[in-house]
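The values are calculated or read from the model by the stated rules, or taken from the named source; none is laboratory data. The shown structure was predicted, so the numbers you read here are calculated from the model rather than taken from an experiment. For neighbour counting, all protein chains shown are included, and Cβ atoms are generated from backbone atoms with ideal geometry for every residue, glycine included. Note: accessible area is taken over every heavy atom of the protein model, side chains too, but ligands, DNA and RNA are not part of it. Shrake-Rupley method; radii C 1.70, N 1.55, O 1.52, S 1.80 Å.
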Amino acid sequence: MVTKTSKQIILRLAIGVVTFIFLSQLMFSAEPMVKLPRMPSKAEFEKYEDNEELYASLLLDYYKIGATLDAQLKYWDIKPIVELAAPTMEEMTSQEIKILRKFYGIALKLQLQIEALSEDQVHAKLNELEKRLQEEKAKNIALGIKNYELELKSQNTDVYTERVYEIAKFCDSLKKALDSMSYKYYMIRFSSNSSMARALDNSFIPSLMLSNSVVIPSISSSGIQTDISYGAKAELNLNSLDEYGKYFELWFAYLMPQIKSNPLPEDQNSGWREWNSNIYSFGVNLNLPEVIELKPVKAGIKIGVGHYWGSASSPNTSLPKADYKGQSVNLELNFSRLTTISPASLYFNFGVLFPTRDMIFADPIQDVNIGKSTISTFSLGLRFNIL
């Protein structure tokens, strides 16, 4: 007995044989590639009804012939007059004569359709196939040329890649050389700056310096309060006075401290009166540069004495002004570094103002007289050498 698996294998083998025959041969005339044998008689058909294997084999033979003829027509782009479907498993196992006659009849109709084709029809199809074949050959040639061009481009790409790699190595060497040159440049510039600093220190040409500072004033009196204020200063170094000129400076400073007075500071309900002050001063400094060696900056000390004067007024009132007058002492620590633009320095200054007259801040209730109380100042400033 033929199992279902065996029948499926036989069916697939039959389809494969048909496809192989179709692909391995080229039709040049209206002749069927295969022809049907004579249809068995009724008595001969009865033999197949009793034998399942013979029945399945004959059914597959008729299907194979029909499939070959169907493929021949489709190869010529001619629609078969009947549709051919593979036998189902039920048809393979039915062992009915009508099923054999059905597949025989389909194959016979396909054979007669091929035999009925005129020679012109066949040649027209062959010419069309030949034209398509030539087009495919042309496409293959064009593809071959493109592949050759792509191969050349690939070779050129390899060459370019190697050149890019060489250029990258050359750029790395240039970068190293540039880094070396940059280091040498900064070393030369640093040494040049040091030489310039020494040249300025040893110069006989006066140099002018300007600075701005933040100042915290302090007055030792309970009836006075002070706020952070701002100041400005101009200094002239006397390099032209013989070889010791660099150690002496003339200076002029301006300070505008904000002061508040209160005749009754212990009374929480009493108000504080504001005073806008302007204090001017001038004097001389003893300049001691490079006292401390802190590379790449230099630290110096300045000790200054001078005279100050000024006044304070209360805004929006007709109260008399408060006058300032006396002498001052300053002690400064500065840090400087010569740049390519100009020498600049950061400084910290502590100063004391010694009044020579009583300081009186008028008030409608009671004047605030602090007498000759000293005024201490703490400053942080930035100085630039402009000449």
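In a fully extended conformation the segment linking L236 and M256 would gain 5.0 nm over its present Cα-Cα distance, using 0.36 nm per residue.
Centre-to-centre separation between the Cα atoms of the range 31-106 and those of the range 216-233: 122 Å.
Label sites at E149 and I216, each approximated as a point 7 angstrom past Cα along Cα to Cβ, lie 8.1 nm apart.
For the range 246-332, the Cβ-based charge dipole about the Cα centre amounts to some 220 debye (Lys, Arg positive; Asp, Glu negative; other atoms uncharged). Between E115 and E46, the simple spin-label model (points 7 angstrom out along Cα→Cβ) gives 2.9 nm. The K372 and K295 beta-carbon pair, evaluated with R₀ = 41 Å, returns a calculated FRET efficiency of approximately 0.35. Using 0.36 nm per residue and subtracting the Cα-Cα separation, the extra length available between L333 and E31 on full extension is 96.8 nm. Specify which residue in the list N147, A116, Y160 is farthest towards the positive end of the charge dipole of the range 60-164, using unit charges on the beta carbon of Lys, Arg (+1) and Asp, Glu (-1), about the Cα centre. After comparing all options, I get A116.
One chain, two ends: M39 and V284. Fully extended at 0.36 nm per residue, the span grows by 74.2 nm beyond their Cα-Cα distance. Accessible area per residue for the range 55-123, computed on protein heavy atoms with a 1.4 Å probe, is 48 Å².
Excluding Y160 itself, what net charge comes from residues whose Cβ is under 11 Å from its Cβ, given Lys and Arg +1 and Asp and Glu -1?
So the surrounding residues net to -1.
Cross-link partners of K302 among aspartates and glutamates, defined as those whose alpha carbon lies under 14 angstrom from its own and excluding same-chain residues fewer than eight positions apart: E235, E249, E290, E332.
Beyond 22 Å, the tail of the calculated P(r) for the range 270-387 holds 49 percent of the Cα pairs. To the nearest 20 debye, what charge dipole does the range 285-387 have about its Cα centre, counting +1 at the Cβ of each Lys and Arg and -1 at the Cβ of each Asp and Glu? Computed about the Cα centre, the dipole is about 320 debye.
Checked against a 19 Å cut-off, the cross-linked pairs K260/K321; K79/K137; K176/K295; K42/K64; K64/K131 give Cα-Cα distances beyond that limit for K79/K137; K176/K295; K42/K64; K64/K131. Note on E135 and M181: with the Förster distance fixed at 56 Å, the Cβ-Cβ geometry gives a FRET efficiency of about 0.25.
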